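**Q** A single structure is presented below for examination.
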Amino acid sequence: MYRTTLRYSAAQVQGLHAQMVAHARAALRIARDHGDRTSRAHHQLWLAVALTASDEFDQAGEILAERCDPSDHVALPWVRPMWHYHRAQLKLAAGRLEEADEDAVEAVRICERLAAPALAVGPLALRIRVAVHRHELTEANRHVVHASRLSAAASGAAREELSWVTALLHSAEENRESALDTLSPVYSGVPKRPLLLTREPHAGACLVRTAMSAGDSERATAVAEAARLVATRNPTVVSAVAAAAHAEGVLCNDVGRLRAAVSAYRSGPRPLSLAAATEDLALAENEAGGRSTAIGLLNEALARYQNHGARGDALRVRKTLRSLAVRRRTRGRDRDLDPVEGPRARWDQLTPSELRVVRLVAQGLTNREVAEKLFLSPHTVDSHLRHSFTKLGVTSRVELTRQVLTHEEVPPAGSA
């Protein structure tokens, strides 16, 4: 078991997906043969991580859909929060932002209850990334502060991920210098240690773009080389091949490579990565003189971002379309993407889960009563309520109730 553990860890650091899957399956067989329930759950997690990296989302989802029984994990209590964390990672990769955030919230809650704060860094990093996608930058900054306090004791992989998503936040705030500084420890590890690109293929293009925006072609080239290394080691993994072409396309502003990236991503399971590559291809096409082609690609990327609730990414694309003198009618869900938002547009930003919570709060229910009625944890209700306050620009339950009354007819308390 110990040898298999070492082999799995080495394969993960080197970005060898097939070997990760093989070693995880071997460890799981050993655990099953010896009747070790705790070890079995541990290695099921390993296998789910390896399958996610290999684009085998259905198989990973089957493993992570199983109930995580606390009684199985007395010896390894960290299995429970990591179960939720890796499930959140899978959902994020599949573009299910709201569900990913809910699992990450639960992972952080369990870490706090177990007095294992270092384990919360990964889930908090994931929450930062979700918040940036959804254009909830105040919320993202709050998570950065929280995670930074815990990061000293976290693993190197968690700290790398935190650096990357913090840089994404700086980029969203148009603070390129801070983004580059934040990524220094990540750049220092490539191309020899491509662990981040193994876990997050889309990170390669983001790292290249950040370095290029600062005029640092050496770092950008090193990242593109690392992405190509991962693709060479995993020629049958669509996302790895697509991510390498994406990173190289951004590095060289190469329309051909970006087209190859989009084509590869289309056959894979990562919709937000496809949208990002489509957006970058549009920019390259426009620079090459293909304005009409660029507009079509930008509209495609915009639709994909909107379908997955990535309002921050959609806002960026709309700004690009405006720069190309493209006017879009802002009706329905499009209105929440305008820089100046009216009350109806802010209301339209609420997700279905957030709407269910605010409707019950407007009826006078407490957070605990809402949690019981919706079969959620109180922490999840609190998270939905905080997001709703931020989106609507309110600071009290009274103001929230006024907003609900403005936009909806609220049934009496206790009604169906």
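**Q** Rounded, prolate or oblate: which fits the range 78-119 when a ≥ b ≥ c are the square roots of the eigenvalues of the alpha-carbon gyration tensor, with rounded for a/c under 1.5 and prolate only if a/b beats b/c?
**A** Working: a/c = 3.17, a/b = 2.22, b/c = 1.43.
Cα axes put the range 78-119 in the prolate bin.
**Q** Can you compute the modelled spin-label distance between E369 and S267, with each label point 7 Å from Cα toward Cβ, in nm?
**A** The two pseudo-label positions are separated by 5.6 nm.
**Q** Can you find, among L274, Q403, V230, the residue sitting farthest towards the positive end of the charge dipole of the chain, where Lys and Arg contribute +1 and Asp and Glu -1 at Cβ?
**A** The residue sitting farthest along the positive end of the dipole is L274.
**Q** Report ³J(HN,Hα) in whole Hz for each residue of the range 299-313, in order, from the Karplus equation J = 6.51 cos²θ - 1.76 cosθ + 1.60 where θ = phi - 60°; Gly and Pro get x.
**A** So the Karplus estimates, Gly and Pro as x, are 5, 5, 4, 4, 4, 5, 4, 4, 4, 9, x, 8, 5, x, 5 Hz.
**Q** Rounded, prolate or oblate: which one fits the range 165-205, using the alpha carbon gyration tensor with axes a ≥ b ≥ c (rounded when a/c is under 1.5, else prolate when a/b beats b/c, else oblate)?
**A** Values: a/c = 3.11, a/b = 1.66, b/c = 1.87.
It is oblate, given that a/c is not under 1.5 and a/b is not larger than b/c.
**Q** Quick one: give the max-minus-min coordinate of the C-alpha atoms of the range 1-64 along each principal axis, largest first, in Å.
**A** Principal-axis extents of the Cα atoms in the range 1-64, largest first: 30, 25, 13 Å.
**Q** Please give the contour-minus-distance gain from K319 to A303: 0.36 nm per residue of separation, less the Cα-Cα distance, rounded to one decimal in nm. Show your work: numbers first, answer last.
**A** Numbers: separation 16, 0.36 × 16 = 5.76 nm, distance 1.42 nm.
Working it through step by step, the gained length comes to 4.3 nm.
**Q** Under unit Cβ charges (Lys, Arg +1; Asp, Glu -1), what dipole magnitude, rounded to 20 debye, does the range 347-407 have relative to its Cα centre? Numbers along the way, then the final one.
**A** Values: 8 positive and 6 negative charges, 12 e Å.
About 60 debye.
**Q** Using only Cα atoms, what Kirkwood radius does the range 193-318 have, in angstroms? Intermediate results must be reported in sequence, preceding the final value.
**A** Numbers: mean 1/r = 0.0701 Å⁻¹.
Averaging 1/r across every pair of different Cα atoms and inverting gives 14.3 Å.
**Q** Still on this model: Give the Cα extents of the range 6-163 along the principal axes, in whole Å, largest first.
**A** 49, 31, 27
**Q** I've got another one for you. Pull out a ≥ b ≥ c, the square roots of the eigenvalues of the alpha-carbon gyration tensor of the range 70-146, then state rounded if a/c is under 1.5, prolate if not and a/b is larger than b/c, and oblate in the remaining case.
**A** On the way: a/c = 3.10, a/b = 1.57, b/c = 1.97.
Note, shape of the range 70-146 comes out oblate.
**Q** Taking GluC sites (Glu not before Pro) as candidate sites, keep only those in a DSSP loop with at most 13 other Cβ atoms within 10 Å, then name the longest stretch of the chain containing none of them. Don't jump to the answer; show the numbers that get you there.
**A** Values: sites that count: E66, E174, E408, E409.
For GluC sites (Glu not before Pro) (loop position, at most 13 other Cβ atoms within 10 Å), the longest site-free span of the chain is 175-407.
**Q** Which FRET efficiency, nearest 0.05, do V398 and T138 yield, Cβ-Cβ r, R0 22 Å? Could the numbers behind the result be given before it?
**A** Working: r = 21 Å, r/R0 = 0.97.
Efficiency for this residue pair is about 0.55.
**Q** About the Cα centre, and with charges only on the beta carbon of Lys, Arg (+1) and Asp, Glu (-1), how big is the dipole of the chain? Nearest 20 debye, please. Display every interim value, and only then the final one.
**A** Working: 55 positive and 48 negative charges, 37 e Å.
Dipole magnitude for the chain comes out near 180 debye.
**Q** Please list 3J(HN,Hα) in residue order for the range 250-265, calculated via the Karplus relation 6.51 cos²θ - 1.76 cosθ + 1.60 where θ = phi - 60°; whole Hz, with x for glycine and proline.
**A** Computed from phi, the couplings for the range 250-265 are 5, 4, 9, 6, 9, 4, x, 5, 5, 5, 4, 5, 4, 4, 5, 4 Hz.
**Q** Taking springs between alpha-carbon atoms closer than 10 angstrom, which of S155, S273, S54 fluctuates most in the Gaussian network model of the chain?
**A** Of S155, S273, S54, the most mobile in the Gaussian network model is S155.
**Q** Of N175, T221, A243, which is farthest towards the positive pole of the range 125-247's charge dipole, taken about the Cα centre with +1 and -1 on the beta-carbons of Lys, Arg and Asp, Glu respectively?
**A** A243
The numbers here are math on the coordinates, done by the rules we state, and not lab data. Since the model is a prediction, treat every value here as computed from it, not as a measurement. Reconstructed Cβ throughout: ideal geometry from the backbone, glycine too, with neighbour counts over all protein chains shown.
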